[in-house]
Amino acid sequence: MCALRLVACRALCSVFKPLLRMTIQNGTVISARDCSQAGSKRNTLRWDLTPDDIRTRTDILISRVKKVYDDIGSLKTENVSVENTLGPLAHAKLDYASSLHVLDFPQYVSPCKEVRAASTEADKKLSEFDVEISMREDVFRRITALQKKHQDNLSAEEKRFLDRLVTLGKRKGLHLSKDIQEEIKRTSKLISELSIEFNKNLNEDNTFLVFTERELGGLADSYLNGLDKTADGRYKVTLEYPHYFPLMKRCHNPETRRRMETAFHSRCKEVNTAILEQLIQLKAKVADLLGYSSHANYVLEINMAGTASNVSDFLDTFYETLKPIGIKERKYILALKKRECLMKGFHFDGQINAWDLPYYMNQVEQCKFAVNKDKLIEYFPLDVVTEGLFGIYQELLGLTFAEVEHAHAWHENVKLFSARDTETGEEIGQFYLDLHPREGKYSHAACFGLQPGCRGPDGKRRLPVAAMVANFTRPRKGFPSLLQHHEVETYFHEFGHVMHELCSKTTFSDFSGTQVETDFVEVPSQMLENWVWEKEPLRRMSRHYKDGTPIPENLLDKLIASRVANTGLMNLRQVVLGKVDQSLHTSPHANTAEVFATHCQDILGVPATPGTNMTASFSHLAGGYDGQYYSYLWSEVYSMDIFFSRFKKEGIMNPKVGKEYRRVILEAGGSVDGVDMLKTFLGRGPCQEAFFQCKGLIQSQTL
């Protein structure tokens, strides 16, 4: 499961959001890059900062924003107004957010280790400042005074923004005693620091294993040709996605798979296990200080789900529905394993191990649906997929993309694109694509919001900027970058987040783009995954890398039919992760490896590999999804409802529906509650039927 932009999941991402790089002079917000361009909506982010530049700019940014807060905090409460309190506060947030990601984003993508280190330190310093600024009781008192004073003469979004500020202040304990506030502040700073360290450890991990060609039996030549070799001719296999997942799905040798699975789920095990278990205790402590029964109930209060009890009921319902399907799928997989062990002379241990699951799930697709993965991958060269994906998104949403020539970026392989509204020609935003792995780079797939699209102090919309970061196989001599179908799905998913960032049109940066409820944030991107399971879109983004021929019709039919393959086990794994997350964050302390092993066995029916701890590399738990991982399943329910109820009925490439979707869902950002957006677009309240229908779990009905 891919993750949403880690950068935007800072400790207090709900307080400060990314926007254009700005500064404040004489109370007016102008461009920090070039004062002569103050009236321009265009902006060029700087990616050539040295470690010293990063440190200096971090200090200047903190000082600049702190002064605005000091000024607001010194106002007499009876004199507060929209003009002297809400406006300056919004502009200060915009200024902070505008400068933020030039400083903290390089830790995930810079090819220079020293820059990554400086960016990580900046992130820690800014996270501490986040805590300080979010706990300004003097500013909170002015905001509450303003809320009481202005109830009727604010716009809907202004009122939402003001109410949000008051809510966030109470959730930081600013209505409690000084002693409790100080304890919350100290603990929150430590939580931020540990979360950053957790993810830094994962980003910097460069573990690799060495295998002979025989030990890699079953893997295609295109895979082997993409591997580096040792001096004695053996293959070096890293734990990066393009190496790990194909091996786990295709390698015939169970010992090779066991070694890889053990290494993959032992990444940063010692250091990150200690960090995670400390984070769990610290978060439980803050929740208790604030009067909540658990950290999960604290974070869920402002989500669609509301409470940990509602999440538990949701996951339990899924489990009961999926349980009989999972039992059948495990029996089939065990039979496949027994037969293969007899044929190849392997020892049959009578159980499905963690290193068996992806391999035999892949076998199920081949046996039941006859999907030839070796043949299929040849039809998805990255350039062709990108061209087709761009065309689909442009046609659907009424946009036009163009590459920005000679654009400055953090690496030579990164490209920058401009997006314009097709009808008006107006530029609506820009996005970077950073698609291949390299040392020190963020190892998953994610969208990072770098600048949001909201109204600036001059009343004009600021151009949003986002970056899609992925780890698709690098092209090698004689071979382009070829994508597995699941990688095409990942591409569509993350690019859906990019579109959410670029299309938003909000007044305040707090509501820009993906700044919605956590259990709604995946809805737009998951909804767009459906296009990679439909014939017309698949034809548009595929052709053979050698001769340009289209995917044969029978292979296309088999691929689409395979969507329901392993649906029980795949979704049960999501239930496992959701349950693990809830268990860890409804308790004051936990043995994380034990919790994962217990749920894995009880729900999935597959034991965790002894000596490993998957949660030590489960970046969501320290990246903004703590207590909220259920959101992927929760969001998928709504995303399927949107797709089947509107697009599937009215045409998956229907621009009328696409533009309505852009207006109602994407442009609104977080300025409207998720459930209200759904009701507007669907014309009714959401339901779960489409999800279970898509997964082949209930009989198809007309929605």
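Points to keep in mind about this one:
- Selected residue (criterion: surrounded by the fewest Cβ atoms within 10 Å (Cβ to Cβ)) from residues of the stretch 60-102 that are touching a residue at least 60 places away in the same chain (Cβ under 8 Å) and outside any helix (DSSP H, G or I): Ser74
- Unique residue being modelled with pLDDT of 95 or more, closer than 24 Å to Thr514 by Cα and not in a strand (DSSP E or B) when the list is Ala409, Ala466, Ala402: Ala409
- One residue from Asp547, Asp581, Asp557, Asp602 being assigned to a loop (DSSP other than H, G, I, E, B) and among the acidic types (Asp, Glu): Asp547
- Among helices (runs of 4 or more DSSP H) entirely within the stretch 103-194, having at least 2 residues that are more than 30 Å from Leu45 (Cα to Cα), open to solvent by 30 Å² or more (accessible area, probe 1.4 Å) and touching a Leu at 6+ places or on another chain (Cβ under 7 Å) singles out 137-149.
- Hits in the stretch 654-673 (condition: crowded, with 16+ Cβ neighbours inside 10 Å and under 20 Å from Leu538 (Cβ atoms)): Asn654, Val657, Gly658
- Within the stretch 195-207, not a single residue is buried (at least 18 other Cβ atoms within 10 Å of the Cβ), touching a residue at least 40 places away in the same chain (Cβ under 8 Å) and either farther than 30 Å from Lys124 by Cβ or touching a strand residue (DSSP E or B) at 6+ places or on another chain (Cβ under 7 Å) (or both).
- Note on the stretch 247-272: residues that are in a helix (DSSP H, G or I), polar (S, T, N, Q) and buried (at least 17 other Cβ atoms within 10 Å of the Cβ) amount to 2.
- Taking the listed residues His444, His436, the one that is open to solvent by 10 Å² or more (accessible area, probe 1.4 Å), outside any strand (DSSP E or B) and at pLDDT 95 or above is His436, with no other qualifying.
- Criterion violated by Arg563 - all others in (1) touching a Cys at 6+ places or on another chain (Cβ under 8 Å); (2) under 26 Å from Leu282 (Cα atoms) satisfied: (2)
- Residues that are of a type in the set (A, V, I, L, M, F, W, C), modelled with pLDDT of 95 or more, within 30 Å of Lys283 (Cα to Cα) and part of a helix (DSSP H, G or I) occur at least once in the stretch 610-617.
- Unique residue being at pLDDT 95 or above and on the phi > 0 side of the Ramachandran plot when the list is Gly548, Gly496: Gly548
- Of the set (1) among the aliphatic types (A, V, I, L, M); (2) part of a helix (DSSP H, G or I); (3) modelled with pLDDT of 95 or more, all apply to Ala590 but (2).
- Residues located in the stretch 226-241, provided they are within 30 Å of Ala117 (Cβ to Cβ) and surrounded by 13 or more Cβ atoms within 10 Å (Cβ to Cβ): Gly226, Leu227, Lys236, Val237, Thr238, Leu239, Glu240, Tyr241
- Flag not set for Glu423, criterion: more than 29 Å from Tyr625 (Cα to Cα), part of a helix (DSSP H, G or I), open to solvent by 40 Å² or more (accessible area, probe 1.4 Å) and modelled with pLDDT of 95 or more.
- For first residues located in the stretch 614-627 and closer than 13 Å to His585 by Cα and of a type in the set (S, T, N, Q), partners that are assigned to a loop (DSSP other than H, G, I, E, B) and open to solvent by 10 Å² or more (accessible area, probe 1.4 Å) and lie 6+ apart or on another chain with Cβ distances below 6 Å do not occur.
- Some residue of the stretch 296-304 being without any contact (Cβ under 8 Å) to a residue 24 or more places away in the chain, out of contact with any Leu (no Cβ under 9 Å at 6 or more places or on another chain) and not acidic (Asp, Glu): no
- Residues that are within 22 Å of the chain's Cα centre (by Cα) and within 27 Å of Val311 (Cα to Cα) number at least 1 in the following helices (runs of 4 or more DSSP H) confined to the stretch 631-703: 631-642, 674-682, 689-694.
- Only one entry in Tyr223, Tyr244 is open to solvent by less than 40 Å² (accessible area, probe 1.4 Å), hydroxyl-bearing (Ser, Thr, Tyr) and in contact (Cβ under 8 Å) with a residue 24 or more places away in the chain, namely Tyr223.
- Qualifying residue in the stretch 684-699 (condition: buried (at least 17 other Cβ atoms within 10 Å of the Cβ) and modelled with pLDDT of 95 or more): no
- Unique residue being modelled with pLDDT of 95 or more and crowded, with 23+ Cβ neighbours inside 10 Å when the list is His585, His599: His585
- For the residues Lys375, Lys331, Lys285, Lys344, the requirement of being touching a Pro at 6+ places or on another chain (Cβ under 9 Å) and either exposed (fewer than 15 other Cβ atoms within 10 Å of the Cβ) or within 28 Å of Phe245 (Cα to Cα) (or both) singles out Lys375.
- Selection count where residues are at pLDDT below 95 and of a type in the set (Ser, Thr, Tyr), scope the stretch 194-227: 2
- Residue match in the stretch 495-506 (condition: of a type in the set (Val, Ile, Thr), out of contact with any helix residue (DSSP H, G or I) (no Cβ under 6 Å at 6 or more places or on another chain), in a helix (DSSP H, G or I) and open to solvent by 10 Å² or more (accessible area, probe 1.4 Å)): no
- Flag if Leu569 is within 16 Å of Ala354 (Cα to Cα), open to solvent by less than 10 Å² (accessible area, probe 1.4 Å) and either in contact with a Cys (Cβ under 9 Å, 6 or more places away or on another chain) or at pLDDT 95 or above (or both): yes
The values are calculated or read from the model by the stated rules, or taken from the named source; none is laboratory data. The structure presented is a predicted model; accordingly, all values stated were derived computationally and were not measured. Note that each Cβ is placed from the backbone with ideal geometry, even for glycine, and that neighbours are counted across all protein chains shown. Note: areas computed on protein heavy atoms with side chains; ligands, DNA, RNA excluded. Shrake-Rupley method; radii C 1.70, N 1.55, O 1.52, S 1.80 Å.
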